[in-house]
Amino acid sequence: MRSIRNCGFKAGIAMFVVVALVALLAPVLAKHGPMEQAYRDEIFASPSLVHPLGVDGVGRDVMTRMFYGARATLGIALGATALAMMAGALLGAMAGTLRGWFDVAVSHVVDFLLAFPSILLGLVALTILEPSETSVAIAVGIACLPTVARQVRAAFLSEQAKEYVLAARAAGAGKLRIAVVEVLPNCVSLLLVLTTLTLGTAVLEAAGLAFLGLSGQPGVPEWGMMLREERSTFRIAPWLCVAPGIAIAWTVLAFNLISDGLQRRAIAR
């Protein structure tokens with residue numbers, strides 16, 4: 001059973017490495033630019049050896065756009081996750097450490113935000129910001145922030161009741177020292193799990209916002225935007241939608257497998 005769990009974790013790492021390498025090496029792997037209409041005479045060409053993923057309706061190689069789409073999608077997901085983890089973890093840690101009115105205020109704000117679908121929070125954020133990849137990353141990060149804050153707050157509150165914290169408090173250690181020196185190291189596993197889960201959620205949220213037309217300029221190679229652009233051609237060229245859909249599912253599954261493996265390892269300890 002343990003070997004099966006390890007295989008899942010390793011599979012997730014391998015899947016993520018594939019996506020990361022494609023994103024990093026996109027200019028090297030791609031034959032043309034992502035916006036270049038180099039195959040106008042082969043519009044809606046089906047997958048072949050020359051075009052493994054076919055050609056879209058304006059003569060662009062789909063595989064080339066998939067390579068650059070990986071770069072855009074991962075960039076948004078990483079930026080959103082960094083924002084959600086830094087801000088959310090800080091708020092949750094402060095609420096779980098300071099308690100009192102600050103904890104009550106943060107809890108009420110988080111509960112209020114969690115009452116709304118995360119995609120709606122992203123939409124509200126994007127109505128304030130100008131449409132761009134940076135704005136989408138900020139919007140997705142804001143949407144993911146409440147969940148991170150609640151999980152970290154719960155973890156800090158749980159650790160505060162344990163004997164090693166009580167011993168440190170009896171020895172005269174202050175709240176800041178206890179939070180940073182005593183509690184935080186014991187929450188590293190949780191933070192790693194939350195990071196990988198948030199990455200998967202961010203990929204889905206970014207794709208959803210792009211599908212709604214809120215991810216930068218039309219034509220920009222991003223997996224969600226590719227789904228939006230090609231949804232009307234599904235009956236005549238289904239491969240145009242299948243490729244980005246599989247890529248999104250592949251990436252989210254990779255992060256979920258990594259998160260599950262990290263969680264099981266933390267429990268085993």
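The values are calculated or read from the model by the stated rules, or taken from the named source; none is laboratory data. In this text the structure is predicted, and so the values were computed from the model without any measurement. Cβ coordinates were reconstructed from backbone atoms using ideal geometry, including for glycine residues, and neighbour counts include every protein chain displayed. Calculation scope for accessible area: heavy atoms of the full protein, side chains included, ligands and nucleic acids excluded. Shrake-Rupley method; radii C 1.70, N 1.55, O 1.52, S 1.80 Å.
Computed values, structure above
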| read-out | value |
| --- | --- |
| Per-region count, region 53-91, residues touching a strand residue (DSSP E or B) at 6+ places or on another chain (Cβ under 9 Å) and open to solvent by 20 Å² or more (accessible area, probe 1.4 Å) | 1 |
| Index of the failed condition, Val188 passing every other in (1) within 19 Å of Leu83 (Cα to Cα); (2) crowded, with 17+ Cβ neighbours inside 10 Å | (2) |
| Residue that is in contact with a Pro (Cβ under 9 Å, 6 or more places away or on another chain) and small (Gly, Ala, Ser), where the choices are Gly224, Gly200, Gly245 | Gly224 |
| Pair list, Cβ under 6 Å, 6 or more apart: region 33-49 residue open to solvent by 90 Å² or more (accessible area, probe 1.4 Å), other residue not hydrophobic (A, V, I, L, M, F, W, C) | Arg40/Gly59 |
| Filter pass, Val110 being in a helix (DSSP H, G or I) and in contact with a Pro (Cβ under 7 Å, 6 or more places away or on another chain) | yes |
| The lone exception for Gly172 - which of (1) more than 26 Å from Trp250 (Cα to Cα); (2) part of a helix (DSSP H, G or I) it fails | (2) |
| Cβ pairs under 7 Å, 6+ apart, first in region 252-268 and assigned to a helix (DSSP H, G or I), second polar (S, T, N, Q) | Phe255/Thr196; Ile258/Thr196; Ser259/Thr196; Leu262/Ser189; Leu262/Thr196; Ala266/Ser189 |
| Only listed residue being among the charged types (D, E, K, R) and within 13 Å of the chain's Cα centre (by Cα), chosen from Glu182, Glu205 | Glu205 |
| Inter-residue pairs, beta-carbon under 8 Å, first in contact (Cβ under 8 Å) with a residue 24 or more places away in the chain and in region 73-91, second of a type in the set (D, E, K, R) and open to solvent by 10 Å² or more (accessible area, probe 1.4 Å), 6+ apart | Gly75/Glu133; Ile76/Glu133; Ala80/Glu205; Leu91/Arg153 |
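Listed here are the residues, each with its yes/no results for (1) modelled with pLDDT of 80 or more; (2) part of a loop (DSSP other than H, G, I, E, B); (3) more than 18 Å from Ala210 (Cβ to Cβ).
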| position | (1), (2), (3) |
| --- | --- |
| Phe16 | yes, no, yes |
| Val19 | yes, no, no |
| Gly33 | no, yes, yes |
| Glu36 | no, yes, yes |
| Asp41 | no, no, yes |
| Met63 | yes, no, yes |
| Thr73 | yes, no, no |
| Ile76 | yes, no, no |
| Thr81 | yes, no, no |
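A quick yes/no check of all residues on (1) in a helix (DSSP H, G or I); (2) of a type outside the set (Lys, Arg); (3) open to solvent by less than 20 Å² (accessible area, probe 1.4 Å); (4) touching a residue at least 60 places away in the same chain (Cβ under 8 Å):
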residue	(1), (2), (3), (4)
Trp101	yes, yes, no, no
Ala105	yes, yes, no, no
Arg153	yes, no, no, yes
Leu157	yes, yes, no, yes
Ala167	yes, yes, no, no
Val183	yes, yes, yes, yes
Val193	yes, yes, yes, yes
Leu204	yes, yes, no, no
